[in-house]
Number of protein chains: 2
Amino acid sequence: MRSSFILSAFLLGCFLSGQPADESRPATSSVLNAQYPRVYPDGRVMFRLVAPNASKVQLNGGTGLGAIPFDMTKGADGAWTVTIPPAVPGFHYYWFVVDGLQVNDPSSDAFFGYGRPTSGVEIPTADEDFYLPKDVPHGQVRMQWYLSKTTGEWRRAIVYTPPDYDANTGTRYSVLYLQHGAGEDETGWIKQGHANFILDNLIAQKKAKPMMLVMDHGYATRSGEGTAGPQAGRGAAPAAGRGRGGMGTGGVLSPSAFESVIVDDLIPMIDRTFRTLSDRNHRAMAGLSMGSMQAMQITLRNLDKFSWIGFFSGATVSGDLDTAYNGVFKDSADFNKRVHLLWMGAGTAETQLIQSLDASDQLLTKRGVKHAIFKSEGTAHEWHTWRRDLNDFAPRLFQ
Amino acid sequence: MRSSFILSAFLLGCFLSGQPADESRPATSSVLNAQYPRVYPDGRVMFRLVAPNASKVQLNGGTGLGAIPFDMTKGADGAWTVTIPPAVPGFHYYWFVVDGLQVNDPSSDAFFGYGRPTSGVEIPTADEDFYLPKDVPHGQVRMQWYLSKTTGEWRRAIVYTPPDYDANTGTRYSVLYLQHGAGEDETGWIKQGHANFILDNLIAQKKAKPMMLVMDHGYATRSGEGTAGPQAGRGAAPAAGRGRGGMGTGGVLSPSAFESVIVDDLIPMIDRTFRTLSDRNHRAMAGLSMGSMQAMQITLRNLDKFSWIGFFSGATVSGDLDTAYNGVFKDSADFNKRVHLLWMGAGTAETQLIQSLDASDQLLTKRGVKHAIFKSEGTAHEWHTWRRDLNDFAPRLFQ
């Protein structure tokens, strides 16, 4: 269904725009009817911006795109173009730099990253469609507003309820709390991550139990304590925010305003508003990049509330496990009894992180702490890695 | 709560940015921590863009901003600024034109308009907060995916369920179908319009009955019939799309693919998925601008399905009522019996539309067709007009 639609759109696009009928297709991440960026089957991407008066235009963005920045070339029609070598598969943020001014691509939909709406391009992976909408029952994605006592502000949680949640009024569900990375917001796991479609597909195949997902905004400041949000401002890369509400020196897990939002405000609201199973055996938390540091800090400090834990491309384990992480790993038998799953993943194109992951693996194995390691083949610090993470992590939950 | 937060954010903003402690505040439509645009109590707005290498920068956008485009002036710091005279209150799309290149403001959140993500600025109206979140029970806003037989594609409806929908499992609800304008999408009524907060507040005050809102994407093409979306491309103004699925020549209401999506796909899906009251007495439809033409076409062609009708800043009534609109007004007594509400509104700054509205009023009065006319004082063809429309329209429904 979808592929035939894409093909039709592609052929029509060629007809409308006078494009050569090559193998490229408009990116699925673009707005309706936009013809650029065009993605080739081998992962090359052609970007285009009409800026006849510009002197210099470059393409910049996530490292998954390749050797950023790329210089663009001006054509006789005033359009600047570049076709980049095959990029890492997945979803990559990007922008143009026009005579020094950073601008979004008018062809792209807007994805919240880097502290603001940002362009993105989806580079499909051959034979991999677990994150695409299929003709299976679909859950709902709900925006739920709530007043946070911690911050004194209205906040918005995004909640995925599985298919038939409304019909099965006698059923209660487990909950996975799922956090975005630095500079992103609570919309990321749905819009960039397609978390709802991943769960729909897993549930339809009976690979995962029907469960709820809850996503919140990973920034919080206690009422009266000043500004929330990325301290480094909008230039901060999603990967750069480690340590916010994460660990202090010496591997000490410190409290944070965000922990208070999750534990004191969000979880009680969710358990009050939805038909959840509200004990620790039915509550999980995971996050990506900065969100994984938050998941580490919040779950390990609140093992009375969480028993399933996932770190996606960020938090790893190191140091003296007798004392680090507030000593939770000291008694590994006790940890193994209390924590049903400790899961860590990264993309193989995240080379430094893979090294830390391997070291964590060895350290935890030596300590006798049960854990799972996942490596996403060929992907970088970007959303396709995290989609695959969720696709591996969710089926292991609540079993 | 909110105002004290805004004030704190304002004072903190001055401290952080070295701004003069004047009366301006960062627009609530901007991203977290952004200091521009700054809105003054009298409606003046200061816009700013850092573009040291640019030769000419202008501010452009919706007509509610005033005498667009505005030239901006470059400061010694490389930032271009302009403070515009008091703008019409409400929400206005805008963008910068940098040496001929149209770009969004990196300070602004993205709002879908003009066929793509677009910057927007909120200019508050003194003593008017019916559209802001308050400490009252909040409904949910749900994204519901469904496969359209008409288009052969997956579509996404946005559904507001009133507070306690999930708790009142024995209760069924009336539904208002609510459409956006040209170049916008199904997100507009929530993000720009704050329709959920308007309903939350009306319901809390018992001014409106608890009801559902359903918002869909106003573009559709039958499977195999080519491209959907704004024909005029992304340059099209939201107001420009009249006639799409509206009236043919001679006031004939013609069928459209979008009507088929609403009547054959969306309504059955909604009635199957939610606890609706599914008869015509409990179903309304309204829309703004292009959406009002669609509401006219769809409701008047399907009076077996709708009995409450609203036209916001768009459709009006003219011509020979014996024959126009497929003759629905010919027998006014019959029309009055079948249609519980025919409601038309416009902002008084929409001067031409106000003339058409007055003419419609006279024509319908002369014909003996019961109807309601609403004029939003001082507002233009923009979302604040439509918020006020909804705030007047919704309390009249399903009574």
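The values are calculated or read from the model by the stated rules, or taken from the named source; none is laboratory data. Just so you know, these numbers come straight off a predicted model, no measurement behind them. With ideal geometry, Cβ positions are generated from the backbone for all residues, glycine too; neighbour counts draw on all protein chains shown. Protein only, heavy atoms only, side chains kept; ligands, DNA and RNA dropped before computing areas. Shrake-Rupley method; radii C 1.70, N 1.55, O 1.52, S 1.80 Å.
Three semi-axes describe the equivalent ellipsoid of the stretch B:96-225; taken as square roots of 5 times the Cα gyration tensor eigenvalues and ordered largest first, they are 29, 24, 10 Å. Considering helices alone, the calculated mean residue ellipticity of chain A at 222 nm is -6500 deg cm²/dmol, with DSSP H runs of length four and up weighted by -39500 (n - 2.57) and normalised per residue.
Legend: mean number of C-beta atoms from other chains within 10 angstrom of residue C-beta atoms, peptide A:140-148, equals 6. The Cα center of the stretch A:344-399 and the Cα center of the stretch B:80-135 differ in position by 42 Å.
Its residues counted as N, the protein assembly as shown yields a C-alpha radius of gyration over 2.2 N^0.38 Å of 0.95.
Counting only residues at least eight positions apart within a chain, or on another chain, the lysines with an alpha carbon under 16 Å from that of B:LYS366 are B:LYS330. Full extension of the chain between A:ASP271 and A:TYR40 yields a length gain of 78.6 nm, computed as 0.36 nm times the residue separation minus the alpha carbon distance.
What quantity of accessible surface, computed with a 1.4 Å probe and excluding non-protein components, is buried in total between chains A and B, in Å² to the nearest 100? In total, chains A and B hide about 4300 Å² from solvent.
Dipole of chain A computed with +1 at Lys/Arg Cβ and -1 at Asp/Glu Cβ about the Cα centre; of A:HIS384, A:SER332, A:SER313, farthest Cα towards the positive end is A:SER332.
Per-residue 3J(HN,Hα) values for the stretch A:348-355, derived from phi via the Karplus relation 6.51 cos²θ - 1.76 cosθ + 1.60 with θ = phi - 60°, read 5, 7, 8, 4, 5, 5, 4, 4 Hz in sequence order (x marks Gly and Pro).
In the protein assembly as shown, carbon and sulfur make up what percent of the accessible area (probe 1.4 Å)? Roughly 51 percent of what the probe reaches on the protein assembly as shown is carbon or sulfur. Under a model in which nothing but the beta-carbon of Lys, Arg (+1) and Asp, Glu (-1) is charged, chain A shows a dipole of about 700 debye around its Cα centre. Database remark: amide H of A:GLY113 closer than 5 angstrom to the amide H of A:THR118 (H placed geometrically; neighbours at sequence offset of 5 or more, or on other chains; Pro and chain starts carry no H). In terms of overall dimensions, the stretch A:116-183 has a Cα radius of gyration and Dmax of 16.6, 47 angstrom. Remind me, relative contact order of chain B in percent, using alpha carbon pairs under 8 angstrom and six or more residues apart? In percent, rounded to a whole number, it is 13. Using the 1.4 Å probe convention, the accessible area of the protein assembly as shown works out to 38 Å² per residue with neighbouring protein chains retained. Using alpha carbons only, how many degrees (0 to 90, rounded to 10) separate the axis of helix A:2-17 from the longest principal axis of chain A? In chain A, helix A:2-17 runs at an angle near 30 degrees to the longest axis. Only protein heavy atoms count here; on that basis, with a 1.4 Å probe, B:SER278 has an accessible area of about 70 Å².
For B:ARG222, the point set 7 Å out from Cα toward Cβ sits 6.4 nm from its twins in the other copies, listed from shortest up.
Amide H to amide H, with H built 1.01 Å from N, B:LYS56 comes under 5 Å of B:ASP99, counting only residues 5 or more places away or on other chains. Using alpha carbons only, the radius of gyration of the stretch B:310-399 set against its Kirkwood radius gives Rg/Rh = 0.98. For each pair in B:LYS149/B:LYS191; A:LYS191/B:LYS191; A:LYS337/A:LYS370; A:LYS134/A:LYS191; A:LYS149/A:LYS191; B:LYS209/B:LYS337, compute the distance between the two Cα atoms and list the pairs where it is over 19 Å. Distance filter (> 19 Å) returns B:LYS149/B:LYS191; A:LYS149/A:LYS191; B:LYS209/B:LYS337.
Counting partner chain Cβ atoms within 10 Å of every residue's Cβ in B:214-225, what's the average? Shielding by partners across B:214-225 averages 1.
Given a 1.4 Å probe and the protein chains as shown, B:ARG338 ends up with an accessible area of around 90 Å². When the charge dipole of the protein assembly as shown is built from unit charges on Cβ atoms (+1 for Lys and Arg, -1 for Asp and Glu) and taken about the Cα centre, the candidate among B:LEU397, B:GLY152, B:GLY345 whose Cα reaches farthest toward its positive end is B:LEU397.
Remark: the stretch A:24-33, residue by residue, has Karplus-estimated 3J(HN,Hα) of 6, 9, x, 4, 6, 7, 8, 6, 3, 6 Hz, where x stands for each Gly or Pro and the curve is 6.51 cos²θ - 1.76 cosθ + 1.60 at θ = phi - 60°.
To the nearest whole number, what is the average tally of beta carbon atoms from other chains within 10 Å of the beta carbons of peptide B:157-167?
Mean partner shielding for this stretch: 2.
The dipole here belongs to the protein assembly as shown: it is taken about the Cα centre, uses +1 on the Cβ of Lys and Arg and -1 on the Cβ of Asp and Glu, and is about 1200 debye.
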